[in-house]
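The values are calculated or read from the model by the stated rules, or taken from the named source; none is laboratory data. All values reported here derive from a predicted model rather than from experimental measurement. FYI the Cβ positions are ideal-geometry reconstructions off the backbone, even for glycines, and counts take in every protein chain you see.
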């Protein structure tokens, strides 16, 4: 989860850089083409075409749809707001995931973890500042992407029981790439050679990151590993400052601290519960 979060943040920084010159759909389509290279390598290592066999078609379609929606929503947010702000607000994803783990996965979530979820959501409110003059509707984009991402992770955990990580990654990548291609009539720009190289790098980063995340949910409970996504905030602040001179404001730092603290407490309670069970 930690490695996957680091690669995803670097991928996000690359896409934010590219969306300054290209439409979101074009960036996602061109990046998707390069994602198939690491997928092909991983499929070859896993046994060839047999590793791409789709067993749960409905689950694959549902996950692909959620990924398409969350990806377009989040990349649009990246193009409109600072990198660290977008990622900090998207930290609500693990909170949504913990809240949904009980009704959708049957995982036990006690009152202490529910309290932590509420504290984390309070941190989100601090970051987006609803009703304040600084509030912007674009803050709802990463928040919506976080909720969609939580649903995606729930589906991933169920889907990984029947389908391989490679087949899940392939189906999702194909859906996002085709969705990006569908935006061609809206107008695309001629890509520069250097930007194509960046898209290739982003594609390899994304392929590796999502494979790691899919494997994470195969071997661990969702509520246990989700808080480790918070490590991406360190990279988001670093890349945002180095590339755009952006630093998160007091509200973002305060709110993200509450969200991270609640996530760490959720991890603490989950660890104690497992030890007690053992």
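Quick check on region 162-172. Is at least one of its residues under 24 Å from residue 17 (Cα atoms) and touching a residue at least 24 places away in the same chain (Cβ under 8 Å)? Scanning region 162-172 turns up at least one residue that is under 24 Å from residue 17 (Cα atoms) and touching a residue at least 24 places away in the same chain (Cβ under 8 Å). Evaluated against (1) surrounded by fewer than 21 Cβ atoms within 10 Å (Cβ to Cβ); (2) under 25 Å from residue 59 (Cα atoms); (3) touching a helix residue (DSSP H, G or I) at 6+ places or on another chain (Cβ under 8 Å), residue 217 falls short on exactly one condition, (1). Return a yes/no flag: does region 144-157 have any residue that is over 22 Å from residue 254 (Cβ atoms) and at pLDDT below 85. Yes, the conditions are met somewhere in region 144-157. Listed by first and then second residue, the pairs linking a residue in region 7-29 that is within 17 Å of residue 213 (Cβ to Cβ) to a residue that is modelled with pLDDT of 95 or more and not in a helix (DSSP H, G or I), with Cβ atoms under 8 Å apart and 6 or more places separating them unless they lie on different chains, form an empty list.
Can you tell me which residue is nearest to residue 170 (Cα to Cα) among those in region 1-47 that are assigned to a loop (DSSP other than H, G, I, E, B) and in contact with a helix residue (DSSP H, G or I) (Cβ under 6 Å, 6 or more places away or on another chain)? Across region 1-47, the extreme among qualifying residues is 46. The criterion of being under 21 Å from the mean Cα position of the chain (by Cα) and outside any helix (DSSP H, G or I) does not hold for residue 227. Here residue 53 clears all of (1) over 23 Å from residue 235 (Cα atoms); (2) at pLDDT 90 or above except the condition numbered (2). Going through (1) closer than 14 Å to residue 30 by Cβ; (2) surrounded by fewer than 16 Cβ atoms within 10 Å (Cβ to Cβ); (3) touching a helix residue (DSSP H, G or I) at 6+ places or on another chain (Cβ under 9 Å) one by one, residue 192 falls short only on (3). Every condition in (1) more than 30 Å from residue 47 (Cα to Cα); (2) in contact with a helix residue (DSSP H, G or I) (Cβ under 9 Å, 6 or more places away or on another chain) holds for residue 137 except the one numbered (2). In this entry, residue 65 passes the filter for residues that are surrounded by fewer than 19 Cβ atoms within 10 Å (Cβ to Cβ), under 15 Å from the mean Cα position of the chain (by Cα) and either modelled with pLDDT of 85 or more or in a helix (DSSP H, G or I) (or both).
Quick one: would you say residue 164 is touching a helix residue (DSSP H, G or I) at 6+ places or on another chain (Cβ under 9 Å), modelled with pLDDT under 90 and within 23 Å of residue 83 (Cβ to Cβ)? Against the criterion (touching a helix residue (DSSP H, G or I) at 6+ places or on another chain (Cβ under 9 Å), modelled with pLDDT under 90 and within 23 Å of residue 83 (Cβ to Cβ)), residue 164 does not qualify. Taking the criterion of being within 22 Å of residue 19 (Cα to Cα) and free of Cβ contacts under 8 Å to residues at least 60 places away in the same chain, the residues of region 235-267 that qualify are 238, 241, 242, 245.
Screening residue 92 against (1) farther than 19 Å from residue 234 by Cβ; (2) touching a helix residue (DSSP H, G or I) at 6+ places or on another chain (Cβ under 9 Å) leaves a single unmet condition, (1).
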